[in-house]
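Inspection log for the structure reproduced underneath, given as structure tokens.
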Amino acid sequence: MTALPLLDAEAMASFVACGFLRMDAVVPDDINAAFLDEMGDIAPPVPGQKLLWTYFEMMARAGVPEVAAGTPLAEVYPKGSALARLLELPVLAGAVRSLVGAAPVFDHHFLHVTFPPAYHEAGGGENVSQHLHQDSTIDPRRAFDIQIMYYPHEVTRDMGGTRFLPGSHLRKVSEAAIARYQNIRGQQHMVCKAGTLLFIHSGIWHGGGVNLSDRTRTMFKIRINPSQSQVRQFDVSTLVPQAAQRPIFYLKAPPPPSVEQILMTPEPWFENDTGRLEFLNRIKLWRYLTGDATYDADYWLTRIENRADA
């Protein structure tokens, strides 16, 4: 059996720091076409019909199987289906193994379709973006779930692709408590080619954009839980041992690429004070994933763990 292409240390550190991993146009065109065919056509707008009812009708026809939460991921989709083939792609399977470990478990899936203005006009509704939110409930675990967002067709800027806030995944909130916040510095919008995958930490702040184009936008989401350890599941051969903590302020030259450099790169929305808490949380998550309880970057945790007075 061919070994899966696991994430290397720098890709893993980027996920720890930013909360997402993006892979552009990695799903073959034949799988994209098969997926859209299995989901079925979307009916044209019906005058006077509420958009929610249109959505319910679409979901009833779509080829999305009903699956119980807790089912082993490998058993969720019928063999040969587009979604089964999607999960079998080495690039996807390697990322899933790296992030949630062996034998992941299915949580839920959902077919997200964002409709163009004509549908809202027909039903008398308002065409607005989805509120910013963090999925599910407050989650205090160090362990985490992932969500795979699959974009089977090209998404242009005016189609209102998923927006998300890099680095927000370690700020615990209650689902829609952040709904009043919009257009935060550093947010990203998914503008992508067909076959793009977005892997996100289950805590990342995100929402669907408003569709201003003349066609529907489709995205399929799968949430996955770990059932076994997430520790050292990535390509640990790419970890570079630390010889010592690097100098914090007086660097004589730009630092080379490294895990430490990735973990210590702030997001545009970080404040100068509480933004430092994100560095602490990143280091704690890196300790968890590497199984190294002594790891530190720029001395952040070491200085507060110093018990010389004990």
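The values are calculated or read from the model by the stated rules, or taken from the named source; none is laboratory data. What you see is a predicted model; the values in this text were computed from it and never measured. For neighbour counting, all protein chains shown are included, and Cβ atoms are generated from backbone atoms with ideal geometry for every residue, glycine included.
What the table below lists for this structure:
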| item | result |
| --- | --- |
| Filtered residues of region 108-133 (kept if hydrophobic (A, V, I, L, M, F, W, C), assigned to a helix (DSSP H, G or I) and surrounded by 15 or more Cβ atoms within 10 Å (Cβ to Cβ)) | A122 |
| Failed item in (1) at pLDDT 95 or above; (2) surrounded by fewer than 20 Cβ atoms within 10 Å (Cβ to Cβ), with P254 passing the rest | (1) |
| Meets criteria (polar (S, T, N, Q), surrounded by 15 or more Cβ atoms within 10 Å (Cβ to Cβ) and in contact with a Lys or Arg (Cβ under 6 Å, 6 or more places away or on another chain)) for Q261 | no |
| Qualifying residue in region 213-228 (condition: within 26 Å of P104 (Cβ to Cβ), of a type in the set (D, E) and in contact (Cβ under 8 Å) with a residue 12 or more places away in the chain) | no |
| So A62, is it of a type in the set (G, A, S), within 19 Å of Y77 (Cβ to Cβ) and in contact with a strand residue (DSSP E or B) (Cβ under 8 Å, 6 or more places away or on another chain) | yes |
| S136 vs. criteria modelled with pLDDT under 95, in a loop (DSSP other than H, G, I, E, B) and either within 30 Å of S229 (Cα to Cα) or not assigned by TED's automatic domain parsing to the domain that holds G19 (or both) | yes |
| Tally, over region 9-64, of residues that are not in a loop (DSSP other than H, G, I, E, B) and not hydroxyl-bearing (S, T, Y) | 33 |
| Among residues of region 98-107, those that are within 21 Å of A69 (Cβ to Cβ) and either part of a helix (DSSP H, G or I) or of a type in the set (G, A, S) (or both), counted | 5 |
| Residues located in region 290-306, provided they are under 26 Å from the mean Cα position of the chain (by Cα) and surrounded by 14 or more Cβ atoms within 10 Å (Cβ to Cβ) | T290, D292, Y295, D296, A297 |
| Criterion (farther than 30 Å from P226 by Cα and of a type in the set (G, A, S)) met by exactly one of A308, A293 | A308 |
| Number of the condition not met by W53 [criteria: (1) within 23 Å of the chain's Cα centre (by Cα); (2) at pLDDT below 95] | (1) |
| Checking K79 against (1) under 20 Å from I222 (Cβ atoms); (2) touching a Pro at 6+ places or on another chain (Cβ under 8 Å), the condition it does not meet | (2) |
| Search result, residues across region 163-173 that are in a loop (DSSP other than H, G, I, E, B) and not polar (S, T, N, Q) | P166, G167, H169, L170, R171, K172, V173 |
